[in-house]
2 protein chains.
Amino acid sequence: MGYNRRKRFFGSIFRIKATPHKLCAVLPKKLLCCKKGDYCMNIAVAQSGGPTCAINASLVGVFRESLKEPAIDAIFGSVNGVEGIIQDHLIDLKTMIRTNEDMELLRQTPSTVLGSCRYKLPDFHEDSSVYEKIAAVLKRRKIGAFFYIGGNDSMDTVQKLSAYFKEIDLDVKVIGIPKTIDNDLCITDHTPGFGSAAKYVATTMQEIIRDSSVYSIPSVTIVEIMGRHAGWLTASSAVLHAYGEPAPHLVYVPETHFSAERFLHDVEQEMAKHKAVIVAVSEGVSVPEGVQSGLVDNFGHKYLSGIGKYLEQLVRDTFGCKVRSIELNVMQRCSSHLSSKTDIDEAEQIGAAGVQTALRGETGRVMIFRRIHNKPYTITMEPADASQIANREKFLPREFLTPAGNNISDEAMAYFLPLIQGELDLVMRGGIPVHFTIQESVLK
Amino acid sequence: MGYNRRKRFFGSIFRIKATPHKLCAVLPKKLLCCKKGDYCMNIAVAQSGGPTCAINASLVGVFRESLKEPAIDAIFGSVNGVEGIIQDHLIDLKTMIRTNEDMELLRQTPSTVLGSCRYKLPDFHEDSSVYEKIAAVLKRRKIGAFFYIGGNDSMDTVQKLSAYFKEIDLDVKVIGIPKTIDNDLCITDHTPGFGSAAKYVATTMQEIIRDSSVYSIPSVTIVEIMGRHAGWLTASSAVLHAYGEPAPHLVYVPETHFSAERFLHDVEQEMAKHKAVIVAVSEGVSVPEGVQSGLVDNFGHKYLSGIGKYLEQLVRDTFGCKVRSIELNVMQRCSSHLSSKTDIDEAEQIGAAGVQTALRGETGRVMIFRRIHNKPYTITMEPADASQIANREKFLPREFLTPAGNNISDEAMAYFLPLIQGELDLVMRGGIPVHFTIQESVLK
């Protein structure tokens, strides 16, 4: 890790007018829990946006690192993202996560244990009322740093909150911890959550290939993979090529123009070579206007079916062969039983690095990964300006696609392969992985 | 295991007019590879019906046990089920499966490595032409026993072939090795393949529950699970109750009458109690006539969408809340990365027991499991008449359902839980499980 703990700078943190830590009041000066000064601070952490397998590992990262820091007293979890701050719905995480075993279980639990939201803050120059509520809660709770684990929408919150706090001279550091299975955040090499989703997609694709090739008749199998604007996850299904698997034979991502005629031509060519043709397609691949909304049920309601079903019907109508489509659906983002250990470990580490960044006095920053080497795979973590990441998307580079634009290049493999390595040593109970949960009543 | 190896009876096997084993011709009499008599036999094994995670383990069971038996010489794999016998498309498995490592990889590979078919033999009294082809191939290949790994349709083949061979006095034993994720075979306590599918369904259901409960707004999630006529697999999703998980809150199986009004009433009741309501539904639950076929795409084609999508729309129209449906699709039968070790071990053992049954001289028999105890879980394997199993289905007993018929009873847990225990120690390469495959050209 390129992160230099010796460079920490605590100065600005201790300007917070926090109450003395409970122990600080009774311990002799040299045993004070806070290293510099008389006051400790509390922190808050929240999770936002769509679930992944790694968000809870980032929460563990923030939590475990904060436990080690004498400068940090209470660790609050905000329920349902920033909404929990607005409503002062904070829970004391030390009373919830009590042991190392709890942390291990949380690392293997998918989704957001604190709940999530898709809340977009207004521009505070136009409407500052919600900002005032947030500032009041943070002050009352003596919170010196707020960590927001989320995607590029959530980084908008990081940017706006940090700017507002500067404006009102409130010393609360705001740090973004990235997460998204879509891997579409700018600046960072990749995002926590993506590696586990990619591992699930590639493993499941391999199993679907086995399942699809059992009968002697020709067939086409279409696998619809998440990714509305960027094709990272769909592309990751092609890592199987690195192990000699010819399938998926065709891969379509939103980054290239999709033509139904070209698709049918591609399928025909592959059918001449393979008995069972396997196609990976991003949910975000656009189909001709009106095709999807043209589907209606018997009540006359619009039936929003995906690109997979559309292509299935197209192949059936054109070739009359056996064809089916499979939507990997939410399993892509919640199958933590098949997490990438690399991903989960990195998710925890970047959460911890976020704590150190706040303690160094930085704010309005988002932690990013920088890749140093592919072999051996080496990354560093560092902060970047939230404004460089918020509300932006990163797309699959052209060189990751084959010249024809209907499959993934070998060049992409060096990028994808390190991210899916390693498996968690899962804690099982009676044949099922154990999850860490917080009682529904506490979260209400 | 209640299986008594000492009771083997080799007599009838050696009536086969097979050529002497290669070694038999050169070794002194007392070192003959065949224990009794001068002749060895070859065997054939085939896989049929829909894929599961455990069919290949049963193939390993037949193969490994046959390797140990000096009475057995060549082990032929029939490509694409009984079709491979008809077309004399047999491959020498000893040249394909060469090491213990190969067998381990085959155990963790989903689907049928030899290919499959859905071929139904005619009544031989009416049309014996295909039977004559089969008999000719078996005679030419010196095959003394044929093992057919399949579901209740395949057991029809076991029954018909064994009856025909008796009729023409051809001494080829025909033994059925059960498999189906549907668990709907009669007589046997359960079927190989079911335990792994149930483990996948329960684990994925738990992950979907986590994924579905992150937002603060009320929602309904409908999970569509395989099972056209029997609800075993859908019911297995409720094993989570045994670990204190209240969800799935509602479970609908084909064994009970489905009423849309009753369903909406149930959902409303659960929504009053839970923020995120989770429903498990069998694909085979019948909806009002014409509802599914009423869906058309913009070409005017019938759009066969499943029960999940139908119920999703029904909930949306009635309650206007956030709702989604998830189809677990083929992942239920091919996710061997999450196999039940109990299932895979039993699948191998029942294949081996089938070999011993043939060597005892039995034919027209299907191997079954009999459960002796739940705690500790103990089973025996024994043969049953194929006629008792072929073309019949076993349904979920009434006592496995709650009185209201919309969930699974605690009584069912004792049945389901032992079947999902244990995990394979997967061989991984670069983050992905390794599969055993046979070259496409060999299978053509």
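What the table below lists for this structure:
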{"read-out": "Output for region B:305-341, where each listed residue is touching a strand residue (DSSP E or B) at 6+ places or on another chain (Cβ under 8 Å) and open to solvent by 30 Å² or more (accessible area, probe 1.4 Å)", "value": "B:309, B:316, B:319, B:322, B:324, B:327"}
{"read-out": "Given (1) over 17 Å from the mean Cα position of the chain (by Cα); (2) within 13 Å of another protein chain (Cβ to nearest Cβ); (3) under 29 Å from residue B:226 (Cβ atoms), number of the condition residue B:87 does not satisfy", "value": "(3)"}
{"read-out": "Unmet criterion (only one of (1) in the same structural domain as residue B:158 (by TED's automatic domain parsing); (2) touching a strand residue (DSSP E or B) at 6+ places or on another chain (Cβ under 7 Å); (3) hydrophobic (A, V, I, L, M, F, W, C)) for residue B:344", "value": "(2)"}
{"read-out": "Test: residue in region A:273-281 that is open to solvent by 10 Å² or more (accessible area, probe 1.4 Å), within 14 Å of another protein chain (Cβ to nearest Cβ) and among the charged types (D, E, K, R)", "value": "yes"}
{"read-out": "Among (1) of a type outside the set (Gly, Ala, Ser); (2) in the same structural domain as residue A:131 (by TED's automatic domain parsing); (3) not in a helix (DSSP H, G or I), the one test that residue A:166 misses", "value": "(3)"}
{"read-out": "Residue pairs meeting the criteria (Cβ under 7 Å; at least 6 apart or on separate chains; first under 22 Å from residue B:113 (Cα atoms), in region B:128-151; second open to solvent by 20 Å² or more (accessible area, probe 1.4 Å) and part of a helix (DSSP H, G or I))", "value": "B:134/B:86"}
{"read-out": "Test result for residue A:251, modelled with pLDDT under 95, hydrophobic (A, V, I, L, M, F, W, C) and either open to solvent by 30 Å² or more (accessible area, probe 1.4 Å) or within 30 Å of residue B:431 (Cβ to Cβ) (or both)", "value": "no"}
{"read-out": "Filter pass, residue A:372 being surrounded by 20 or more Cβ atoms within 10 Å (Cβ to Cβ) and either among the β-branched types (Val, Ile, Thr) or touching a Leu at 6+ places or on another chain (Cβ under 7 Å) (or both)", "value": "no"}
{"read-out": "Within region A:403-422, considering residues that are more than 9 Å from chain B (Cβ to nearest Cβ) and open to solvent by 30 Å² or more (accessible area, probe 1.4 Å), the one nearest to residue A:347 (Cα to Cα)", "value": "A:414"}
{"read-out": "Residue check, residue B:118 charged (D, E, K, R), within 14 Å of chain A (Cβ to nearest Cβ) and either touching a helix residue (DSSP H, G or I) at 6+ places or on another chain (Cβ under 8 Å) or more than 14 Å from residue B:390 (Cα to Cα) (or both)", "value": "yes"}
{"read-out": "In region A:209-239, the residues that are within 27 Å of residue B:117 (Cα to Cα), aliphatic (A, V, I, L, M) and either in contact (Cβ under 8 Å) with a residue 40 or more places away in the chain or in contact with a strand residue (DSSP E or B) (Cβ under 7 Å, 6 or more places away or on another chain) (or both)", "value": "A:209, A:217, A:220, A:222, A:223"}
{"read-out": "Subset tally (residues that are within 14 Å of chain A (Cβ to nearest Cβ) and assigned to a helix (DSSP H, G or I)) for region B:232-254", "value": "8"}
{"read-out": "Selection within region B:173-187 - crowded, with 24+ Cβ neighbours inside 10 Å and either touching a strand residue (DSSP E or B) at 6+ places or on another chain (Cβ under 6 Å) or not in a loop (DSSP other than H, G, I, E, B) (or both)", "value": "B:173, B:174, B:175, B:176, B:177, B:178, B:179, B:185"}
{"read-out": "For residue B:154: the one exception among (1) under 26 Å from residue A:206 (Cα atoms); (2) buried (at least 21 other Cβ atoms within 10 Å of the Cβ); (3) not acidic (Asp, Glu)", "value": "(1)"}
{"read-out": "Filter result (more than 19 Å from residue B:64 (Cα to Cα), within 14 Å of another protein chain (Cβ to nearest Cβ) and either of a type in the set (Val, Ile, Thr) or touching a Lys or Arg at 6+ places or on another chain (Cβ under 8 Å) (or both)) within region B:337-376", "value": "B:338, B:339, B:340"}
{"read-out": "Residue match in region A:423-440 (condition: away from chain B (no Cβ under 14 Å) and in a loop (DSSP other than H, G, I, E, B))", "value": "no"}
{"read-out": "Residue within region B:109-120 that is open to solvent by 20 Å² or more (accessible area, probe 1.4 Å) and at pLDDT 95 or above present", "value": "no"}
{"read-out": "Selection status of residue B:400, modelled with pLDDT of 95 or more, over 30 Å from residue A:206 (Cα atoms) and open to solvent by 30 Å² or more (accessible area, probe 1.4 Å)", "value": "no"}
{"read-out": "Total residues in region B:88-112, condition touching a residue at least 24 places away in the same chain (Cβ under 8 Å), out of contact with any strand residue (DSSP E or B) (no Cβ under 8 Å at 6 or more places or on another chain) and under 20 Å from residue B:440 (Cα atoms)", "value": "10"}
{"read-out": "Answer residue from region B:68-98, given it is polar (S, T, N, Q) and in contact with a Leu (Cβ under 8 Å, 6 or more places away or on another chain) and is most open to solvent (accessible area, probe 1.4 Å) among those", "value": "B:80"}
{"read-out": "Residues (of a type in the set (D, E, K, R) and away from chain B (no Cβ under 14 Å)) located in region A:97-115", "value": "A:98, A:101, A:102, A:104"}
{"read-out": "Residue, modelled with the lowest pLDDT, within region A:212-231, restricted to residues that are away from chain B (no Cβ under 12 Å) and more than 24 Å from residue B:440 (Cβ to Cβ)", "value": "A:228"}
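The values are calculated or read from the model by the stated rules, or taken from the named source; none is laboratory data. This one's a predicted model, so the numbers in the text were calculated from it and none came from an experiment. Using ideal geometry, Cβ is built from the backbone for each residue, glycine included, and neighbour counts are taken over all protein chains shown. Heavy atoms of the whole protein, side chains included, go into the accessibility calculation; ligands, DNA and RNA do not. Shrake-Rupley method; radii C 1.70, N 1.55, O 1.52, S 1.80 Å.
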